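Scroll down for the structure; my scribbles are underneath it.
The values are calculated or read from the model by the stated rules, or taken from the named source; none is laboratory data. All of these numbers come straight from a predicted model, not from anything done at the bench. Please note: Cβ atoms are built from the backbone with ideal geometry, for glycine as well, and neighbour counts cover all protein chains shown. With ligands, DNA and RNA removed, areas are computed over all heavy atoms of the protein, side chains included. Shrake-Rupley method; radii C 1.70, N 1.55, O 1.52, S 1.80 Å.
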Amino acid sequence: MRWPLTFFRDLSFRTKIVAICMGVSVFTLLIGGLSLFAIDLVNMRETLRTKLITQADIIGQSAASSIVFYDLDFASRLLSTLAVNTHILSAILYLQDGTLFASYTKPDMADVKPPAMPAADLTNLTPLYLEVARPCLLHNEQVGVIYIRSDLTEISQRIRFSILISSAVFLAAIVASLVLTWWLQPLIMGPVNALTTAARDVAEKGDYTLRVEQVSHDDLGVLANTFNRMLDQIQQATTKLSNSEQKLIEHRKNLERQVKTRTADLEVANQELQDFAYIVSHDLKAPLRGINQLATWISEDYEPLLAEEGRRQLALMRERVTRMYALIDGILLYSRIGQFQEQRQEVDLQVIATDAINMLAPPEHIRISIEGTLPFVLAEKVRMQQLFQNILSNAIKFMDKPQGRIVISSKCENHICTITITDNGPGIEEKYHQKIFQIFQTLNTMPQNKDSTGIGLSLVKRIVELHGGTINVHSKVGEGTEFIFTLEQKRLSNAQQQTSSPG
Amino acid sequence: MHNNKPVLLVEDDTVDAMTVRRAFKDLGINNPLHHVTNGEIALIRLRDLKAEHPCLILLDLNMSRMSGTEFLVALKKDPSLRKIPVVVFTTSDEERDRRNSFNLGVAGYILKPVDYSHFIEVIRTIYTYWNLSKIAPTELLK
């Protein structure tokens, strides 16, 4: 059941129309033909029977007197007249008592065994013959029975003829309807084809300006109209889309231009900043140094001439100059970070920390220790040196305990290493915890911090943040300070992962 | 220093020049100190055939007219002058200045200390080193 359906479903629309028309025509013709044929068959049988009964009645009438007078010769002649009708197979005259009086058999037929006398009103149709029996009446009195048997070739000939004619008509009708369908199908297929072609062109070429001609006001006309309206909308939408696309491209070009301009501006600004840093480092420092030297010589060479107050003022002057010198150096250092970036590499913090400790050479009463082994991180080496030196030198500088302890420890998780540097120094009041990382803040806010330029911790914060990490401080006044910062761990290669064991 | 040959100081800052001169005096260095204020004058002086070649040049980098770097380029191009050792004596801690100077074959790169006591230490170190160090054969310096 499935196959014919699928088959039909996949036929072209034109073939479907033709097939449906043809199917309906054939069905109608068959029904009509068969009905006509059935009616014809019934009619023919009836006609044949009537004809045979009439014939039997005529023979019976004529033969009645011959039976009464026992004129066998006449009766035989009468029956032989039936030979005119070639369809009559046999005819028999029975006497009233049932004896056979006279008979006729078609010449080329073998002798048929005569049946026993039938009832006077017999009508019997068998597939091979039709037999009737009628009374022989004389003055309305039955004197015998006439029996006639006829073959059915008349019917079968008629059937054959009928079938022939029907088939011819059928064929003619089929051809006619085929031609008609073929001739008429453009009425439907024309608009459908126009729609199909238009839809395909739109799909393949993306040409939304195409329109379908609306030729009728039927369903297909409505479809064409709707299709056209749909195309209108698509065209509008496409136009809008391409307009906004155009705008977007324009916008992007603008942005690129802006980025270029800004980048150029930034490069200029960056260059200017570098030049500025350079100028500051030389042109501001040189006079300061000069002032310092001159103040030194004045205090040395003219010592006897200077009063105590004069010497004190010169000393103050030199102190201010020295601090300003340090400040300029600090600004330079701070501004250079990020401006000149080294290649990030695998840096062994264990080595960096050890070197920093050795370089700082802490006094006897301060012990700096490293807990465990510090990790490898991905960083700029010089910056890491600055980072450790700054934090450690701060811790050493401010250490106020007779037994100073500074401990460096680390913990790595998910490729992020947290480094902790703890000291048991004076600690930092909580209100300064954020300020210490701001440039110059230490100088202004922390009275004990006379030697510091206030650059150190802001430098440390800048270094950590440039490496994508964070820095925090935990501290309790009198107990000590803990600096915690994060750095990206160097990713171990497979070989290293296999050989290194935890802890 | 060797044979009491002169030391050439190329320095445009008067006080810095005074500081070097004072340090020489305080340290009892007997080599004559010739001071010029820029690279151009230094080259003229070095190319003066009558003048004796210095055993050492102390060179500031930041100078008007001809900077220390430009002076170094010219000096190292001159076959008769390029064997004279040059110690850069500057305020610049810039990476590019250090790199440039060493690329141009300087013998040392020293930052000017802000404090005179440090300054005097630096000069003492330079003096001690160049007193100990053998200089290039005389004929090469000619």
Distance (nanometres) between label positions extended 7 Å along Cα→Cβ at residue A:284 and residue A:40: 12.5 nm
Label-point gap, in nm, between residue A:142 and residue A:401 - each point 7 angstrom along Cα→Cβ: 15.3 nm
Amide H within-cut-off set for residue A:427, under 5 Å, with H built and near neighbours excluded: A:478, A:480, A:481
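Report the calculated FRET efficiency for residue A:276 and residue A:226 (r = Cβ-Cβ distance, R0 = 60 Å), to the nearest 0.05.
Approximately 0.25, to the nearest 0.05.
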Sites residue A:300 and residue A:430 - FRET efficiency at Förster radius 41 Å, r taken between beta-carbons, to 0.05: 0.30
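Could you tell me which helices of chain A pass both thresholds, a Cα extent of 18 Å or more along their own axis and a mean Kyte-Doolittle hydropathy of at least 0.0, with helices taken as whole DSSP H runs? Please report the intermediate quantities before stating the final value.
On the way: long enough: A:13-68 (81 Å, 1.00); A:153-205 (72 Å, 0.87); A:219-279 (87 Å, -0.72); A:285-301 (23 Å, -0.39); A:308-336 (42 Å, -0.34); A:381-398 (26 Å, -0.03).
Span-like helices, by this rule, are A:13-68, A:153-205.
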Residues of segment A:129-148 with amide N under 20 Å of the 7 Å Cα→Cβ point at residue A:162: A:129-131
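Which helices count as membrane-span-like in chain B under these terms: full DSSP H, at least 15 Å along the axis by C-alpha, Kyte-Doolittle mean of 0.0 or more?
B:116-132
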Of A:225, A:236, A:210, farthest towards positive along the dipole that unit charges on Lys, Arg, Asp, Glu beta carbons give segment A:200-247: A:236
For chain A, calculated [θ]222 nm from helices alone, where every DSSP H run of n ≥ 4 adds -39500 (n - 2.57): -20000 deg cm²/dmol
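Please compute the length gained on full extension between residue A:415 and residue A:343, using 0.36 nm multiplied by the number of residues separating them and subtracting their Cα-Cα distance.
In short, 24.0 nm is gained.
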Interchain or long-range residues, amide H under 5 Å from residue A:368's placed H: A:406
Amide H partners (placed H, <5 Å) of residue A:144, local residues excluded: A:136
Pairs of lysine residues in chain B - Cα separation under 14 Å, sequence separation of 8 or more or cross-chain: 5
Residues residue A:151 and residue A:81, FRET efficiency given R0 of 30 Å [Cβ-Cβ distance, rounded to 0.05]: 0.95
For segment A:2-175, accessible area per residue (1.4 Å probe, heavy atoms of protein chains only), Å²: 61 Å²
Nearest-10 value in Å² for the accessible area of residue B:53, using the 1.4 Å probe: 30 Å²
13 Å cut-off, amide nitrogen to a point 7 angstrom out along residue A:125 Cα→Cβ, residues in segment A:22-50: A:38-50
Segment A:217-291: chymotrypsin sites (Phe, Trp or Tyr not before Pro) falling in loop per DSSP and having at most 15 other Cβ within 10 Å: none
Vicinal HN-Hα couplings computed from phi for segment A:143-148 (Karplus, 6.51 cos²θ - 1.76 cosθ + 1.60; Hz; Gly/Pro x): 10, x, 9, 9, 10, 10
Spacing of the two label points (7 Å from each Cα toward its C-beta) at residue A:367 and residue A:218, in nm: 10.8 nm
By accessible area with a 1.4 Å probe, ligands and nucleic acids excluded, highest first: order of B:63, A:359: A:359, B:63
Portion, in percent, of the accessible area of segment A:2-175 that falls on carbon or sulfur, probe 1.4 Å: 66 percent
Fraction of beta bridges assigned by DSSP in the protein assembly as shown that are antiparallel (%, nearest 5): 70 percent
Cβ-based net charge around residue A:233, under 14 Å, with every Lys or Arg adding one and every Asp or Glu removing one: +2
Where A:413, A:256 fall by accessible area, highest first, once all protein chains stay in place (1.4 Å): A:413, A:256
Segment A:146-164 residues near the modelled residue A:50 label - backbone nitrogen below 17 Å, point 7 Å along Cα→Cβ: A:155
Linear extension gain, residue B:49 paired with residue B:73, 0.36 nm per residue minus alpha-carbon span: 6.6 nm
For chain B, built as a Gaussian network whose Cα springs stay under 10 Å, the top-fluctuating residue of B:76, B:112, B:50: B:50
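Going from most exposed to least, what order do B:14, A:54 have by accessible area with a 1.4 Å probe?
Descending order: B:14, A:54.
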For chain A, Cys with no neighbouring Cys Cβ under 4.7 Å: A:21, A:136
Normalised contact order of chain A, rounded percent, pairs of Cα under 8 Å and 6 or more residues apart: 8 percent
Mean Cα-pair separation over length for segment B:2-141, i.e. relative contact order, pairs under 8 Å, 6 or more apart, %: 24 percent
Size of the B/A contact, given as accessible area buried on both chains, probe 1.4 Å, in Å²: 1800 Å²
Net charge of neighbours whose Cβ lies under 14 Å from the Cβ of residue A:275, counting Lys and Arg as +1 and Asp and Glu as -1: -3
Lysines whose Cα lies under 24 Å from that of residue A:431, excluding same-chain neighbours fewer than 8 positions away: A:397, A:401, A:450, A:461, A:476
